[in-house]
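Engineer: Take a look at this one; I'll ask things after.
The values are calculated or read from the model by the stated rules, or taken from the named source; none is laboratory data. Computed from a prediction, not measured in an experiment: that's the story for all the values here. Glycine also receives a Cβ, built like all others from the backbone with ideal geometry; neighbour counts cover every protein chain displayed.
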Amino acid sequence: MLLRWNHFLSRHCLAFFAGTSILIAGAELNAQVIPGTGTRVEGAWDDFEDETWEYITNLPKSSTNVDEQTRYPLGQSSNSIWTESAKRGQPDMIQRVPTPPGGLPGSKGALLMKSLHTGVPGQGSRGSNQDDLIMQGTMVSVNYSPSVITRVYIPPFEEWEDKTGTSFGFRAAVKAPTTTKSSGRRFFSRGPTTKIETIYLGMFIQFNSKTDSANGEDSAVFVVRADSSGQDFIGPEIKQTGWWTLGMSFTPDGRTHYYASPGVDPLTPADRFASHYPYGSRIQSFHTAFFNICNQDNGRTWSTEWIIDDPAMYYISQ
C-alpha cells in the first residue's frame, strides 16, 4: 500500500550530503547520501521488538503473475506495516524470531521469512519463482534524498537451499520517466513518447552451489538491478556470512546508489559499491521497499531461511 506524502514536499529543504564519489562516465564529482541519513519516515520502519507482533496470512495467497489469480484479502502484519504482494503472494512462513547472535545491540526480535510454494499455492512448477513482502511506503521526491536501509542475516552456506540461483532480494519501487520509440507508418509515424512509470530496483543475493559449480565450493554474490542500460550487474562477493547492512539512496540528480557492508554498524561512504541512472532514466521519486524470497518451486524444497531486522526509510528535511 502506497500512501501520499504530506504537504512538506512542497517546501524547500537543505540537503546534507555525506561523502563524495566520482562518476565513471563524465568524471563528475557528485555528493552522495548514505542510507539512513536524515529523518526516519514514520510508519515506514519496523524493529520487531513488540512481542505480540504477528502476521495474518489470509490464505490462500495470490499468484497473479503465474495464474492470474489475485486472492483477497491480502495478508497483513498486526501493526499494518507489512502486506502481501497482490502480484506474487507472500512468503509461506513469516514470523518474529529471537535476533540471531551479532545483531543490533539491544535487539531481541527480528523477522524470519521462507517459502515452499513461491508460485501457485500448494503446487510446484518447472522453474524458480518468488514471493514478496511489501513494506508500507510513502512517496518521497528525490529532492529530499530518500533512502532505505536494512540488516539481513546471511546464514552459513551449508544451510542454504542447494541450488545455484537467486535466493533473496532487497528491493525498491521508484518512479522514473521512460521513453518509447516512434510508431506508425513511415509518413504518419508518431515520435517518441515519454511517460512516468514504476520501476523496481534492488539487490539480490545469488547462491552458487558447489554441487553446480566447477570450483568445488559454495559461494554467494550480490546481483544488482540495474545499470544505465537496464542490465543486472554483479556486486560484491559475500565472503563472510552472518549479519550484513544493506542500503539504497536516491539523490536529486536522479541516480540510485547501492551500499553493502558486513556487520550491523551504520553505513559509511566506503560501503557504496555502485551508482547508476537505472535503465538510463533519472529517478523522480521513491515509493516503497520490499523483500523477495526465492526458491526452485518444486513443491518439495524450502527456500533458504532469511532474517531481517530494523528496515527503515529516511528523508532529509530542513
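Engineer: All but one of (1) in contact with a Phe, Trp or Tyr (Cβ under 6 Å, 6 or more places away or on another chain); (2) surrounded by fewer than 16 Cβ atoms within 10 Å (Cβ to Cβ) hold for P98; which doesn't?
Structural biologist: The one condition P98 does not meet is (1).
Engineer: Got a number for residues in segment 121-132 being surrounded by 24 or more Cβ atoms within 10 Å (Cβ to Cβ) and not acidic (D, E)?
Structural biologist: The initial filter retains those residues of segment 121-132 that are surrounded by 24 or more Cβ atoms within 10 Å (Cβ to Cβ), namely 130-131.
Next, from what is left, pick out any that are not acidic (D, E): 130.
Of the residues in segment 121-132, 1 are surrounded by 24 or more Cβ atoms within 10 Å (Cβ to Cβ) and not acidic (D, E).
Engineer: Related question: Here is a check on your reading of the model: is A260 surrounded by fewer than 21 Cβ atoms within 10 Å (Cβ to Cβ), more than 15 Å from V142 (Cα to Cα) and either out of contact with any helix residue (DSSP H, G or I) (no Cβ under 6 Å at 6 or more places or on another chain) or touching a residue at least 60 places away in the same chain (Cβ under 8 Å) (or both)?
Structural biologist: In short, no.
Engineer: A further question on this structure: What number of residues within segment 34-86 are surrounded by 15 or more Cβ atoms within 10 Å (Cβ to Cβ), touching a strand residue (DSSP E or B) at 6+ places or on another chain (Cβ under 8 Å) and assigned to a loop (DSSP other than H, G, I, E, B)?
Structural biologist: 18
Engineer: Do the conditions hold for G254, that is, is it modelled with pLDDT of 95 or more and in contact with a helix residue (DSSP H, G or I) (Cβ under 7 Å, 6 or more places away or on another chain)?
Structural biologist: Yes, satisfied.
Engineer: If a residue has to be among the aliphatic types (A, V, I, L, M), over 26 Å from Y315 (Cα atoms) and in contact (Cβ under 8 Å) with a residue 60 or more places away in the chain to count, how many in segment 210-255 make the cut? Show your work before the answer.
Structural biologist: Step one: list which residues in segment 210-255 are among the aliphatic types (A, V, I, L, M), which gives 214, 220-221, 223-224, 226, 234, 238, 246, 248.
Okay, now just the ones that are also over 26 Å from Y315 (Cα atoms), so 214, 220-221, 234, 238.
Narrowing the set further to residues that are in contact (Cβ under 8 Å) with a residue 60 or more places away in the chain leaves 220, 238.
So the answer is 2.
Engineer: Next up: Please go through segment 247-276 and give me each residue that is part of a loop (DSSP other than H, G, I, E, B) and among the β-branched types (V, I, T), ordered by number. If you could, list the steps in order and put the result at the bottom.
Structural biologist: Narrowing segment 247-276 to residues part of a loop (DSSP other than H, G, I, E, B): 251-255, 263-268.
T251, V264, T268 - these are the residues of segment 247-276 that are part of a loop (DSSP other than H, G, I, E, B) and among the β-branched types (V, I, T).
Engineer: Restricting attention to segment 233-243, does a residue exist that is aromatic (F, W, Y), outside any strand (DSSP E or B) and out of contact with any helix residue (DSSP H, G or I) (no Cβ under 7 Å at 6 or more places or on another chain)?
Structural biologist: Scanning segment 233-243, I find no residue that is aromatic (F, W, Y), outside any strand (DSSP E or B) and out of contact with any helix residue (DSSP H, G or I) (no Cβ under 7 Å at 6 or more places or on another chain), so the answer is no.
Engineer: Another question, if that's okay. Restricting attention to segment 138-183, which residues are modelled with pLDDT under 95 and either basic (K, R) or crowded, with 23+ Cβ neighbours inside 10 Å (or both)?
Structural biologist: K163, K181
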